[in-house]
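Visitor: Have a look at this one before I ask anything.
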Amino acid sequence: MKTRFIILFLLIGFIAIVTKAQVCDIKGDWTGKLSVYGNEIPLVFHFDGEKCTIDSPDQGAKGIPAQLERTAMGIKVAVPSINANYEGVNIGDFVMGTFKQHGQSFPLTLKPGSVKRNRPQTPTPPYPYQAQEVNFRNGDAVLQGTLVTPENVSSQTPVLLMVTGSGLQNRDEEVFEHKPFAVIADALARQGFATLRYDDRGFGESKGDLVNVTTEDLKNDALAGVELLRKQFNRVGILGHSEGGTIGLMLAAEGKVDFVVSLAGGVVSFEKTLLEQNRWTLQKTGYSRDVIDRYCTALESLFDDLKAGRNPETTNHGLPTELEKNLQIAKVQSSTPYMRYFLALDLTDRLGKITCPVLALNGTKDRQVNSEENLNALMDRLAGQKEIKAIEGLNHMFQHCNTGDPSEYKDIEETFAPEALEIITTWLKMFK
């Protein structure tokens, strides 16, 4: 083994010598795919002279600033904002190297070119409506967004604040280059409705604490947006997706909004929702029922400890090595104030306080928020006017799909099902 290592080292050194003259030719866009626990995450590096930025298209992150150093072997790229770096050797038509983040290393090979996907529903100018930049504040958080107003807008125009799902998202709720909130805002404006969508705190052009944030803080961010809209419009509602739908219902229970459109909003135990997501993923991966049951039991115990404020013990559960490692990662990631709050969140007892009109939609193939369970809870407990629908064949992102698994999102060209848009716009006409 030692001899082989020396030979490999010498070969790499030889490659660096014969390609040294090509190092300075690395320019333009170069793309590679990180393989992270079975998922492929494309990264696009933009090289412009001695400058470099990085995009993660699947995560909606663009123009991440990076520090570029050209070496005798190739390049070194540091990305302080995400605690990452990349070092690669230029080998003619590709760069072979290693991407490191948070102490973990992943092989990453870059090739010329960028990620291009067809997203036919993304709105393009000219637009038959107005769009303007606005900002609003919740304490130290400053939220930057886009207010879209239709022709002949007035104080009587119904307006919707658009609230994204969990995780850092921009105002378009962009994922895999899909921009569902831009698509929805465009469709609503053409039907005479105004919208305000905004970057989540700490992301895009918005500022705000992310260390101690909880869903309660995100709800208050949304409330600040509602209060801004109240200054211009008489009827203010929420259109929220996933956690955003939950936030809309939370504000409705407090009597803060006039109507709610909940798109795959969760209302039942979020601990149970996360356990169901993990069970589905493990089944799809091919683990046996016994292994899945033991993993989910261990994960549930971890969640219960965190909800109770206890520090989960480090225990070996006799699971495959990769699943034991996943449990340790889950322990770290779930120990934040956000996750402790999220795990304990259950809206079922608040639903009876909601008296404003609610439209709640889910896809029957939603693998992230159980359609039947959550819609049934809304049907049974909502006190006010309601329209509850499960749309056949749609996933969590309201796309037509095969299985509904999140891995399909990036390969589907459709951003948001037309029939879902039709249901939303038809329902909203009662407010005009």
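Visitor: Mind listing whichever residues of the range 158-177 are within 14 Å of Leu263 (Cβ to Cβ) and open to solvent by less than 20 Å² (accessible area, probe 1.4 Å)?
Guide: Leu160, Leu161, Met162, Val163, Thr164, Gly165, Glu173
Visitor: Next question, about the same structure. Look through Ala66, Ala131 and report the one residue that is of a type in the set (A, V, I, L, M, F, W, C) and more than 30 Å from Pro418 (Cα to Cα). Walk me through it before giving the result.
Guide: Values: Ala131 fails: more than 30 Å from Pro418 (Cα to Cα).
Of Ala66, Ala131, the one residue that is of a type in the set (A, V, I, L, M, F, W, C) and more than 30 Å from Pro418 (Cα to Cα) is Ala66.
Visitor: All but one of (1) out of contact with any Leu (no Cβ under 8 Å at 6 or more places or on another chain); (2) touching a residue at least 24 places away in the same chain (Cβ under 8 Å) hold for Arg230; which doesn't?
Guide: Unmet condition: (2).
Visitor: Among the numbered conditions (1) under 18 Å from Ser166 (Cα atoms); (2) surrounded by fewer than 21 Cβ atoms within 10 Å (Cβ to Cβ), tell me where Glu387 comes up short.
Guide: Every condition holds for Glu387 apart from (1).
Visitor: So, restricting to strands (runs of 3 or more DSSP E) that lie completely within the range 98-157, which ones have at least 1 residues that are open to solvent by less than 50 Å² (accessible area, probe 1.4 Å) and β-branched (Val, Ile, Thr)?
Guide: Values: elements: 104-112, 129-138, 141-150.
In the range 98-157, 129-138, 141-150 are the strands (runs of 3 or more DSSP E) which contain 1 or more residues that are open to solvent by less than 50 Å² (accessible area, probe 1.4 Å) and β-branched (Val, Ile, Thr).
Visitor: Could I ask something else about it? Could we say that Lys365 is out of contact with any strand residue (DSSP E or B) (no Cβ under 9 Å at 6 or more places or on another chain) and touching a residue at least 24 places away in the same chain (Cβ under 8 Å) here?
Guide: Numbers: out of contact with any strand residue (DSSP E or B) (no Cβ under 9 Å at 6 or more places or on another chain): no; touching a residue at least 24 places away in the same chain (Cβ under 8 Å): yes.
Criteria not met by Lys365.
Visitor: Based on this model, can you work out whether Leu275 counts as among the hydrophobic types (A, V, I, L, M, F, W, C), surrounded by fewer than 24 Cβ atoms within 10 Å (Cβ to Cβ) and part of a helix (DSSP H, G or I)? It would help to see each step written out before you state the result.
Guide: Working: among the hydrophobic types (A, V, I, L, M, F, W, C): yes; surrounded by fewer than 24 Cβ atoms within 10 Å (Cβ to Cβ): yes; part of a helix (DSSP H, G or I): yes.
Taking the combined requirement at face value, the residue satisfies it.
Visitor: Sticking with this one: Evaluate the following for Gly38: is it open to solvent by 10 Å² or more (accessible area, probe 1.4 Å), within 23 Å of the chain's Cα centre (by Cα), at positive phi and at pLDDT below 95? Before the answer, list the steps.
Guide: Numbers: open to solvent by 10 Å² or more (accessible area, probe 1.4 Å): yes; within 23 Å of the chain's Cα centre (by Cα): yes; at positive phi: yes; at pLDDT below 95: yes.
Against the criterion (open to solvent by 10 Å² or more (accessible area, probe 1.4 Å), within 23 Å of the chain's Cα centre (by Cα), at positive phi and at pLDDT below 95), Gly38 qualifies.
Visitor: Within the range 161-178, is there a residue that is more than 25 Å from Ser56 (Cα to Cα) and touching a residue at least 12 places away in the same chain (Cβ under 8 Å)?
Guide: Step one: of the range 161-178, the residues more than 25 Å from Ser56 (Cα to Cα) are 161.
Then drop every residue that is not touching a residue at least 12 places away in the same chain (Cβ under 8 Å), which leaves 161.
So far as the range 161-178 goes, yes, one or more of its residues are more than 25 Å from Ser56 (Cα to Cα) and touching a residue at least 12 places away in the same chain (Cβ under 8 Å).
Visitor: While we're here: Pick from Gly248, Gly237: which is over 25 Å from Gly393 (Cα atoms), over 17 Å from the mean Cα position of the chain (by Cα) and crowded, with 24+ Cβ neighbours inside 10 Å? Can you show your working first?
Guide: Numbers: Gly248 fails: over 25 Å from Gly393 (Cα atoms).
From the options Gly248, Gly237, the qualifying one is Gly237.
Visitor: Within the range 278-295, count every residue that is surrounded by fewer than 16 Cβ atoms within 10 Å (Cβ to Cβ) and under 27 Å from the mean Cα position of the chain (by Cα).
Guide: 4
Visitor: Something else about it: Do we find that Lys429 is under 30 Å from Val36 (Cα atoms) and either part of a helix (DSSP H, G or I) or open to solvent by 60 Å² or more (accessible area, probe 1.4 Å) (or both) in this structure? Steps first, answer last, please.
Guide: Working: under 30 Å from Val36 (Cα atoms): no; either part of a helix (DSSP H, G or I) or open to solvent by 60 Å² or more (accessible area, probe 1.4 Å) (or both): yes.
It is false that Lys429 is under 30 Å from Val36 (Cα atoms) and either part of a helix (DSSP H, G or I) or open to solvent by 60 Å² or more (accessible area, probe 1.4 Å) (or both).
Residue-by-condition table, conditions (1) in a helix (DSSP H, G or I); (2) touching a Pro at 6+ places or on another chain (Cβ under 6 Å); (3) within 24 Å of Ser155 (Cα to Cα); (4) free of Cβ contacts under 8 Å to residues at least 12 places away in the same chain:
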{"site": "Leu218", "(1), (2), (3), (4)": "yes, no, no, no"}
{"site": "Gly237", "(1), (2), (3), (4)": "no, no, yes, no"}
{"site": "Ile247", "(1), (2), (3), (4)": "yes, no, no, no"}
{"site": "Val261", "(1), (2), (3), (4)": "no, no, yes, no"}
{"site": "Gly266", "(1), (2), (3), (4)": "no, no, no, no"}
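Visitor: Give me the pairs, please: first residue somewhere in the range 287-302 and modelled with pLDDT under 90 and part of a helix (DSSP H, G or I), second residue anywhere and open to solvent by less than 10 Å² (accessible area, probe 1.4 Å) and not aliphatic (A, V, I, L, M), beta-carbon distance under 6 Å, and either six or more positions apart or on two chains.
Guide: Leu302/Pro312
Visitor: Tell me the residue from Leu196, Leu218, Leu228 that is modelled with pLDDT of 95 or more and over 26 Å from Thr415 (Cα atoms), please. If you could, list the steps in order and put the result at the bottom.
Guide: Numbers: Leu196 fails: over 26 Å from Thr415 (Cα atoms); Leu218 fails: over 26 Å from Thr415 (Cα atoms).
The conditions single out Leu228.
Residues checked against (1) farther than 18 Å from Thr215 by Cα; (2) in contact with an Asp or Glu (Cβ under 7 Å, 6 or more places away or on another chain); (3) not charged (D, E, K, R):
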position	(1), (2), (3)
Arg171	no, yes, no
Phe181	yes, yes, yes
Ala185	yes, no, yes
Asp199	no, yes, no
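Visitor: Further, regarding this structure: Is there a residue being at pLDDT 95 or above, surrounded by 14 or more Cβ atoms within 10 Å (Cβ to Cβ), not charged (D, E, K, R) and not in a helix (DSSP H, G or I) anywhere in the range 335-346?
Guide: Initially, the range 335-346 is screened for residues at pLDDT 95 or above, giving none.
Within the range 335-346, none of the residues are at pLDDT 95 or above, surrounded by 14 or more Cβ atoms within 10 Å (Cβ to Cβ), not charged (D, E, K, R) and not in a helix (DSSP H, G or I).
Visitor: Would you confirm whether or not the range 71-79 contains a residue that is open to solvent by 90 Å² or more (accessible area, probe 1.4 Å) and either assigned to a strand (DSSP E or B) or closer than 28 Å to Leu161 by Cβ (or both)?
Guide: Quick first cut of the range 71-79, residues open to solvent by 90 Å² or more (accessible area, probe 1.4 Å) only: none.
No, the range 71-79 has no match at all.
Visitor: Oh, and also: Being in a loop (DSSP other than H, G, I, E, B) and small (Gly, Ala, Ser) is the filter; apply it to the range 192-212 and report the residue that is surrounded by the fewest Cβ atoms within 10 Å (Cβ to Cβ). Explain how you work it out, then say what you get.
Guide: To start, the set of residues in the range 192-212 that are in a loop (DSSP other than H, G, I, E, B) comprises 192-193, 199-206, 208-212.
Filter again for small (Gly, Ala, Ser), leaving 192, 202, 204, 206, 208.
On the way: Gly192: 18, Gly202: 14, Gly204: 21, Ser206: 21, Gly208: 20.
Checked the range 192-212; the qualifying residue surrounded by the fewest Cβ atoms within 10 Å (Cβ to Cβ) is Gly202.
Visitor: Which of the residues belonging to the range 307-334 are open to solvent by less than 80 Å² (accessible area, probe 1.4 Å), within 20 Å of the chain's Cα centre (by Cα) and more than 21 Å from Arg289 (Cβ to Cβ)?
Guide: Those that are open to solvent by less than 80 Å² (accessible area, probe 1.4 Å), within 20 Å of the chain's Cα centre (by Cα) and more than 21 Å from Arg289 (Cβ to Cβ): Ile329, Ser334.
The values are calculated or read from the model by the stated rules, or taken from the named source; none is laboratory data. Note that the structure is a prediction, hence the values are computed from the model and not measured. For neighbour counting, all protein chains shown are included, and Cβ atoms are generated from backbone atoms with ideal geometry for every residue, glycine included. Remember, those area values only see protein heavy atoms, side chains included, never the ligands or the DNA or RNA. Shrake-Rupley method; radii C 1.70, N 1.55, O 1.52, S 1.80 Å.
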